[in-house]
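Down below is the structure, laid out as structure tokens.
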Amino acid sequence: MTVEETTLKGCFVIKPNIFRDDRGLFFESFNDKVFKEETGIESVFVQDNISLSAKGVLRGLHFQTGRFAQAKLVSVIKGKALDVCVDIRKKSETFGQHFSIILDDIEKTQLYIPKGFAHGFLALDENTIFSYKCDNYYNKSTESGILFNDKTLNIDWRFPEEKLIVSEKDQVLPTFEAIVNAK
């Protein structure tokens, strides 16, 4: 597998070596030793989550705060999604910047998102199955988020906004400015 840092410090794209033949394919989806050698990060994932989404479903931008902050390793098992993460670490040189990537079931690319980032994705295919490996447990009392169409962040979701399917909860998340001023 290859590991490349994105434009955001501590955020990495992981591309597996895929072996295909007439029987199908095989790939190593994660190797902690290689990941640590390439990034210097010791990963300990304690919770795996799976979501199934229809085309046009946008989930995010979510994060947990304080001692319940989570680093995530995300991938698409089936279908295709636009994955987006936002650096909300105030002392980071990339604070307020975002990174986006298409994740799909063909390339099997993954994205490692460190603690201190908001995260969301948009399902681009019907029945997209999205996987999240988390290094901390879900804690409802520390969950937060940023409005997906925040004007300051100006994220291009590459999809008509009027066709997005967004939960009521995600439609009323605070703006980036409100989150920054609350911290």
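Cα convex hull, the chain: 122 Å³ per residue, rounded to a whole number.
Size descriptors for the stretch 36-88 (Cα atoms only): Rg and Dmax, in that order, 13.4, 37 Å. Here is the list for the stretch 20-68: GluC sites (Glu not before Pro) lying in DSSP coil, each with at most 15 other C-beta atoms within 10 angstrom of its C-beta, are E28, E42. Students often get this wrong, so check it: of K33/K115; K36/K72; K15/K90; K108/K169; K15/K91, which have C-alpha atoms separated by over 25 Å? Pairs exceeding 25 Å: K15/K90; K108/K169; K15/K91.
Read the figures in this text as sums done on the coordinates, not as results from a lab. None of the values given here were measured: they were computed from a predicted structure. Cβ: placed from backbone, ideal geometry, glycine included. Neighbour counts: every protein chain shown.
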